[in-house]
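Here the structure is laid out as structure tokens; the discussion comes afterwards.
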Amino acid sequence: MTESELSVSEISRLANEVLDRVGTVVVGMREPLTTALAAILAGGHVLFEDVPGLGKTLAARSIATALGLSFRRLQCTPDLLPSDITGSFVYQPSTGEFVFRQGPVFTGLFLADEINRTAPKTQSALLEAMAEGQVTVEGASYPLPRPFHVIATSNPIEFEGTYALPEAQLDRFMVRLSVGYPGRDGEAQVLLARVARRHEVATVEPVVDAATLAAMQAGVEAVHVDADIARYCVDLAAATRSHSAVQVGASPRGSQGLMLVARARAVIAGRDFVTPDDIKAVAVPVLAHRLSLNAQAWATGVNPRDVVTALVSEVAGPPAVGARV
């Protein structure tokens, strides 16, 4: 399938089929899964930050399978080394040469499970991969598969044996999502689904393959963004920089991420244009993790999510826009 064959309606159909397929095993997460898929369609990476047992790993594996991507999972631990992610040179006695052996990052979708349990030096091994789609070992650069995406999980309630993600690392994640506990009905659906399948492992069938995903991503690039929408993204990011509780606000990468994820979300909804509501819907997952609070705000328990939510209601957006003419 070539890139030119995919219209907005076709991308929307495939994206919603992916969400429906993943939703058969990951119950009650439609909204965060939609934002996660939008981030992937926008070419970005996803951080799930929530308490254990809410299906973050299952969601990542199911998304990878439904998108037809090769999948590798790495359980992050304090003794993990950068070479455990990128790979290293191994001596081959038969040839007397050192040969590069690829690490688990050489895959379509790389899951870094509990990324905050590994040291910042090892976390930083992912920076080049996430930013440039390659890794450099012993001065030699090796390209990663295309498409390449990282989904990481983090446990926000444990501090023993964990390391805060560096700001540069956080900034490379296009969105940070919090799933939250399911409702009573949703949790009951999880139990009934487990009974129905009669085994522990929940699986989904692929909807697309890597080539089709790349074509979907190319189609998203053709979506129109009105100048007023672009300025609205800039206004929201700029407002975080002057907020009284914020020491360092969102960078231009934040405003760009806001536009890119909103654009992909519009396509999932079947539109070839972005509305202010698209921006508002993704503002918290795109911007909140990019804020550094000042000491007073941190000490009084201010949540960056609340800051962004307040700014969305305060910053004037453009009037609703219609389809391109």
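The values are calculated or read from the model by the stated rules, or taken from the named source; none is laboratory data. Everything numeric in this text was worked out from a predicted model, so none of it was measured. Positions of Cβ are generated from backbone atoms using ideal geometry, with glycine treated the same way; all protein chains shown enter the neighbour counts. Accessible surface areas use protein heavy atoms only, side chains included; no ligands, DNA or RNA. Shrake-Rupley method; radii C 1.70, N 1.55, O 1.52, S 1.80 Å.
Springs join every pair of Cα atoms under 10 Å in this Gaussian network model of the chain, and among 33, 293, 258 the largest mean-square fluctuation is at 293. So for the chain, taking the charge dipole from beta-carbon charges (+1 Lys/Arg, -1 Asp/Glu), which of 195, 234, 62 sits furthest toward the positive end? Among 195, 234, 62, the one farthest towards the positive end of the dipole of the chain is 195. Counting Cα-Cα pairs of the chain in 20 Å increments starting at 0 gives whole-percent bin shares of 30, 58, 11, 0.
For segment 255-325, with only Lys/Arg (+1) and Asp/Glu (-1) charged at the beta-carbon, what is the dipole magnitude about the Cα centre, in debye rounded to 20?
On the way: 7 positive and 5 negative charges, 39 e Å.
Charge dipole, segment 255-325, about its Cα centre: 180 debye, nearest 20.
In the context of the full set of protein chains, residues of the chain present 47 Å² of accessible surface per residue (probe radius 1.4 Å, heavy atoms only).
One Cα centroid belongs to segment 234-250, the other to segment 266-286; the line between them spans 21 Å.
I'd like to compare 130-136, 102-108: which one has the highest average count of other Cβ atoms within 10 Å, and what's the full order after that?
So the order, starting with the most tightly packed, is 102-108, 130-136.
Restricting attention to segment 93-183, close to 50% of DSSP beta bridges with both partner residues there are antiparallel. Here the chain exposes an accessible surface that is 53 percent carbon and sulfur, computed with a 1.4 Å probe and the other protein chains kept in place.
Stretched out fully, how many nm does the piece from residue 195 to residue 92 gain, at 0.36 nm a residue minus the Cα gap?
Details: separation 103, 0.36 × 103 = 37.08 nm, distance 4.95 nm.
That works out to 32.1 nm of additional length.
Kirkwood analysis of the Cα pair distances in segment 1-120 returns a hydrodynamic radius of 16.6 Å.
Heavy atoms only, probe 1.4 angstrom, no DNA, RNA or ligands counted: give me 91, 232, 181 ranked by accessible area, highest first.
Values: 91 115, 232 5, 181 175 Å².
Putting 91, 232, 181 in descending order of accessible area: 181, 91, 232.
Considering only 277, 185, 171, the Gaussian network model of the chain with Cα springs below 10 Å gives its largest mean-square fluctuation to 185. Here segment 110-216 is treated with +1 on each Lys and Arg Cβ and -1 on each Asp and Glu Cβ, and its dipole about the Cα centre works out to around 260 debye.
Taking square-rooted eigenvalues a ≥ b ≥ c of the alpha carbon gyration tensor, is segment 177-257 rounded, prolate or oblate, where a/c under 1.5 means rounded and, failing that, a/b exceeding b/c means prolate? It is oblate, given that a/c is not under 1.5 and a/b is not larger than b/c.
Given +1 at the Cβ of Lys and Arg, -1 at the Cβ of Asp and Glu and no other charges, the dipole of segment 45-153 around its Cα centre is 280 debye to the nearest 20. Each peptide among 15-28, 260-273 gets the average number of other Cβ atoms lying within 10 Å of its residues, and from highest to lowest they stand as 260-273, 15-28.
Heavy-atom accessible area for residue 62, with the other protein chains in place and a 1.4 Å probe, reaches approximately 0 Å².
Would you please classify the overall shape of segment 126-222 from the alpha carbon gyration tensor, given that a ≥ b ≥ c denote the square roots of the eigenvalues, rounded means a/c under 1.5, and beyond that prolate means a/b larger than b/c while oblate covers the rest?
On the way: a/c = 2.18, a/b = 1.35, b/c = 1.61.
It comes out oblate by the Cα gyration axes.
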